[in-house]
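To start, the structure under review is shown below, and the notes come after it.
The values are calculated or read from the model by the stated rules, or taken from the named source; none is laboratory data. Bear in mind the structure is a predicted one, so any value in this text is a computation, not a measurement. Virtual Cβ from ideal backbone geometry, glycine too; neighbours counted across all protein chains shown. Remember, those area values only see protein heavy atoms, side chains included, never the ligands or the DNA or RNA. Shrake-Rupley method; radii C 1.70, N 1.55, O 1.52, S 1.80 Å.
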Amino acid sequence: MKFKHIFREYFSYSASERNGIIILVVLLMAMYFLPLVFQSGEDSEFVIDRKKQNQIDSLISLIENKEVNKKEQIKIASLDFFDPNKASKEELINLGLTSFQINNLIKFRNKGGKFKAKIDLLKIYGINESDLELLSNYIRISGDEDIKKERPINTGKKYHLFAFDPNVISLKEWDSLGVNKRISVRIKNYLAAGGNFRQATDLKKIYGFDSVKFVELLPYVKIVVKSNSEIPSNKILVQLNSSDTTQLKQLPGIGSVLSLRIVKYRDLLGGFVSKDQLLEVYGITKEKLIRIESSICVDSISIRRLMINSFDALRLRKHPYINQRTAKDIIRYRERNGNFTSVDQLQTHKLIPDSIFLKLTPYLELN
């Protein structure tokens with residue numbers, strides 16, 4: 001009886017106490033199980049997302065590997081001259097073509113199809129422009145020399161192929177080759193601006209030049225390189241430091257804008273000491289410089305000097321090779337240490353980077 005009394009005393013609860021205990025137990029159970037539920041949902045979602053991502057990665061890898069393998073297959077294939085109208089299945093395999101491409105090509109021939117020009121290979125489903133470009137130099141179609149005959153193009157016009165030099169042919173001749181008028185005008189503008197085609201593949205420099213047309217024209221490009229004997233002996237020679245804009249415009253590819261820029265930059269420099277300094281003029285490319293190099297010379301006109309012991313920061317800063325910080329450093333050095341005794345002090349005291357110092361030296365003077 002005594003035990004029952006003790007048990008009832010410690011383990012008997014009022015109705016409100018029992019309700020409180022029940023609520024507490026429910027809350028504890030919720031706190032325990034809810035994280036497990038959410039974690040399970042997140043994990044499953046993560047597993048699903050990861051599974052999807054793995055599938056996507058596998059697909060991308062498959063596509064990339066297929067493309068790489070295709071290129072490598074063509075690269076290591078024993079390429080040899082072939083006629084697509086007569087080549088056997090084994091020959092086509094050796095060229096690196098896929099079974100799919102070969103089957104489509106053979107079906108085309110079996111149905112009476114015939115390749116009259118290299119570009120006709122694009123009729124075969126599965127053969128694209130990159131394949132044609134890789135194989136172009138190895139294609140030899142019987143009667144290929146007679147491809148000059150007129151063939152219709154999409155516009156309904158007719159064109160014929162002939163040997164040409166892209167540096168000299170006219171707009172009418174480009175049109176005869178089947179080149180879009182917009183592209184031929186771009187070519188003319190490119191040449192007028194000082195551009196030049198040194199090899200057949202340079203035609204790709206022209207924005208929008210159709211790749212199929214490029215492959216078709218490639219065998220007919222014949223660029224004539226002038227020998228020294230063909231260059232006229234009375235060729236003009238323009239002096240960079242004393243010529244005005246009118247004289248500079250006589251140079252090939254140098255118009256009003258570029259000639260004015262050259263004169264303005266020459267004034268800022270204090271005169272040119274090297275032909276290569278023309279590359280610092282906006283719009284003068286290496287190609288353009290090579291084209292005019294034999295027609296220009298650096299005359300021995302006096303170079304305008306920079307007096308590093310007397311010029312203030314503003315006058316120093318005007319030179320293209322000296323920035324604002326360098327000009328201030330030169331002035332600060334003079335204020336602290338007195339005048340420069342040698343122009344080499346600019347380099348030894350790290351006032352000017354070595355690369356700039358070499359370019360600037362011809363313009364420096366102490367007094």
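The single condition among (1) of a type outside the set (S, T, Y); (2) more than 30 Å from R198 (Cα to Cα); (3) out of contact with any helix residue (DSSP H, G or I) (no Cβ under 9 Å at 6 or more places or on another chain) that I322 does not meet is (3). All conditions but one from (1) at pLDDT 90 or above; (2) surrounded by fewer than 19 Cβ atoms within 10 Å (Cβ to Cβ); (3) more than 21 Å from N367 (Cα to Cα) apply to R315; the one that does not is (3). Under the condition of being touching a Lys or Arg at 6+ places or on another chain (Cβ under 9 Å), in a loop (DSSP other than H, G, I, E, B) and without any contact (Cβ under 8 Å) to a residue 12 or more places away in the chain, the residues counted in region 316-345 number 1.
Residues in region 280-301 that are within 19 Å of G270 (Cβ to Cβ) and among the hydrophobic types (A, V, I, L, M, F, W, C): 6 in all.
So that you can scan it fast, the table gives a plain yes or no per residue for (1) open to solvent by 70 Å² or more (accessible area, probe 1.4 Å); (2) more than 25 Å from L171 (Cα to Cα); (3) assigned to a loop (DSSP other than H, G, I, E, B); (4) modelled with pLDDT of 85 or more:
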residue	(1), (2), (3), (4)
N196	no, no, yes, no
I223	no, no, yes, no
S233	yes, yes, yes, no
I236	no, yes, yes, no
N241	no, yes, yes, yes
T246	yes, yes, no, yes
V257	yes, yes, no, yes
R261	yes, yes, no, yes
L268	yes, yes, no, yes
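Where helices (runs of 4 or more DSSP H) fall wholly inside region 67-181, the ranges with 1 or more residues that are surrounded by fewer than 15 Cβ atoms within 10 Å (Cβ to Cβ), small (G, A, S) and at pLDDT 80 or above are 99-110. Please determine, by comparing only the residues of region 330-345 that are crowded, with 17+ Cβ neighbours inside 10 Å and modelled with pLDDT of 90 or more, which one is farthest from K359 (Cα to Cα). Only one residue fits best here, namely Y333. Figure legend. Inter-residue proximity from region 351-364: first residues on the phi < 0 side of the Ramachandran plot, second residues part of a strand (DSSP E or B), beta-carbon distance below 9 Å, spacing 6+ or different chains. Indicated pairs: F357/L364; L360/L306; Y363/L306; L364/L306; L364/M307. If you check D244, D267 for being out of contact with any Lys or Arg (no Cβ under 7 Å at 6 or more places or on another chain), under 23 Å from R315 (Cα atoms) and not hydrophobic (A, V, I, L, M, F, W, C), only one passes: D267.
Number of residues in region 330-353 that are over 21 Å from G271 (Cα atoms) and within 39 Å of the chain's Cα centre (by Cα): the value is 5. E42 passes every criterion in (1) surrounded by 11 or more Cβ atoms within 10 Å (Cβ to Cβ); (2) modelled with pLDDT under 65; (3) assigned to a helix (DSSP H, G or I); (4) not small (G, A, S) apart from (1).
The residues in region 318-329 that are among the aliphatic types (A, V, I, L, M) and either within 33 Å of the chain's Cα centre (by Cα) or surrounded by fewer than 17 Cβ atoms within 10 Å (Cβ to Cβ) (or both) can be counted, and the count is 1. S295 fails exactly one of the following numbered conditions: (1) surrounded by fewer than 17 Cβ atoms within 10 Å (Cβ to Cβ); (2) under 23 Å from N189 (Cα atoms); (3) in contact with a helix residue (DSSP H, G or I) (Cβ under 8 Å, 6 or more places away or on another chain). What is the number of that condition? For S295, the failing item is (3). Of the residues making up region 279-292, those that are within 20 Å of K359 (Cβ to Cβ) and open to solvent by 80 Å² or more (accessible area, probe 1.4 Å) are Y282, K286.
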